[in-house]
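I have placed the structure first, in the form of structure tokens, so that the comments after it can refer back to it.
Just so it is clear, none of the values below were taken in a lab; they were calculated from the coordinates. All values derive from a computational prediction rather than experimental measurement. So basically every Cβ, Gly included, is an ideal-geometry build from the backbone, and we count neighbours across all protein chains shown.
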Amino acid sequence: MTIYPAIDIRDGKCVRLYKGDFSKETVFSEDPADMALKWEDMGATYLHLVDLDGARAGHPCNLDTVKAILDKISIPAELGGGIRDIDSITQILNLGVERVILGSAAARDPELVRHACKRFGGDHIVAGIDAKDGIVAVDGWEKSGNMPALELAKKMGGCGVKTIIYTDISRDGTLSGVNVEATSMLAKGSGVSIVASGGVSSLDDIKKIKVAEQDGIEGVIVGRSIYTGTLDLSEALKIANQ
């Protein structure tokens, strides 16, 4: 099981939002590259990067910061946020990002996902499904995609995607506990490998996800918990690697 420390980038800084609300932002570092190196030094094997400005604007906005992170670390990283065309995907993969996450594009343009998987390989294209009460949200979580998460997950599997990141928006940034039940149902129902996201607060969450690994949950993204100290990344990695 892989644990993905999250680095959310806004205005070139490392921040966290509360339930995806841009007005409820906490800045945790002025230098995301230093933060990335810190998580690598603690044992992380993969980083989850989000371009928050890009998610809102509909095109990548923080690629200079992403490049600075990649120049500093030796582990792979994935990037999501406002990536909605082949040119952007190509640019980001050429930058050195290992996996590109398509969120709003996955909901609105499945053919783009299919084309990207065919061109770059399903290992390099991840579908990001962000949902509230089981319904997909798009455009930086500010609009409804009017589609059940499971329906989209099945569609993404058919497009060639091998991994889906499932975020429960109602729990993201809240430290209220990960929604293991909904994530397991999505994994079992879609047949696609799922990365859990949203609400992770403690080692208990990591243990629950570890148990659900058999359902098809291959990893978990950790954000606010490792920044505020409610979760010790080193201890979480020990559980994940058991």
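Assorted remarks:
- Structure note, pairs Lys67/Lys210; Lys13/Lys38; Lys132/Lys207; Lys38/Lys67; Lys162/Lys188; Lys155/Lys210: Cα-Cα distances above 22 angstrom occur for Lys67/Lys210; Lys132/Lys207; Lys155/Lys210.
- Full extension of the chain segment joining His115 with Ser23 gains 29.6 nm, where the gain is 0.36 nm per residue of separation less the Cα-Cα distance.
- Convex hull volume per residue for region 11-63, taking Cα atoms only, in Å³: 94
- P(r) weight above 17 Å for region 150-242, C-alpha pairs, percent: 46
- If you take the alpha carbon atoms of region 44-86 and fit the smallest convex hull around them, that volume is 69 Å³ per residue.
- GNM top mover of Pro76, Pro32, Pro60 - the chain, alpha-carbon springs below 10 Å: Pro76
- Whole-Å distance, taken between Cα centres, linking region 132-205 and region 77-129: 17
- Peptides 224-236, 160-172 ordered by average Cβ neighbours within 10 Å, highest first: 160-172, 224-236
- Residues whose amide H comes within less than 5 Å of that of Arg171, counting only those at least five positions distant or on another chain, are absent (H built at 1.01 Å from N in the peptide plane).
- Across the chain, counting alpha-carbon atoms alone, Rg and Dmax equal 15.9, 41 Å.
- Anisotropy class of region 76-198 from Cα gyration tensor, a/c 1.5 cut: prolate
- Extending 7 Å from Cα along the Cβ direction at Ala68 and again at Asp11 yields two label points whose distance is 1.4 nm.
- Using the average count of surrounding beta-carbon atoms within 10 Å as a protection proxy, the listed peptides 95-106, 17-28 rank, highest first, as 95-106, 17-28.
- DSSP-defined beta bridges in the chain - what % are antiparallel, rounded to 5: 30
- Rounded, prolate or oblate (a/c below 1.5 giving rounded, otherwise prolate when a/b exceeds b/c) for region 14-147 by Cα gyration tensor: oblate
- Residue-averaged 222 nm ellipticity for the chain, from DSSP H runs of 4+ at -39500 (n - 2.57), nearest 500: -11000 deg cm²/dmol
- In this calculation the C-beta distance from Met42 to Gln91 is compared with R0 = 41 Å, giving a FRET efficiency of 0.85.
- Cα gyration tensor shape for region 100-171, rounded if a/c is under 1.5, else prolate or oblate: prolate
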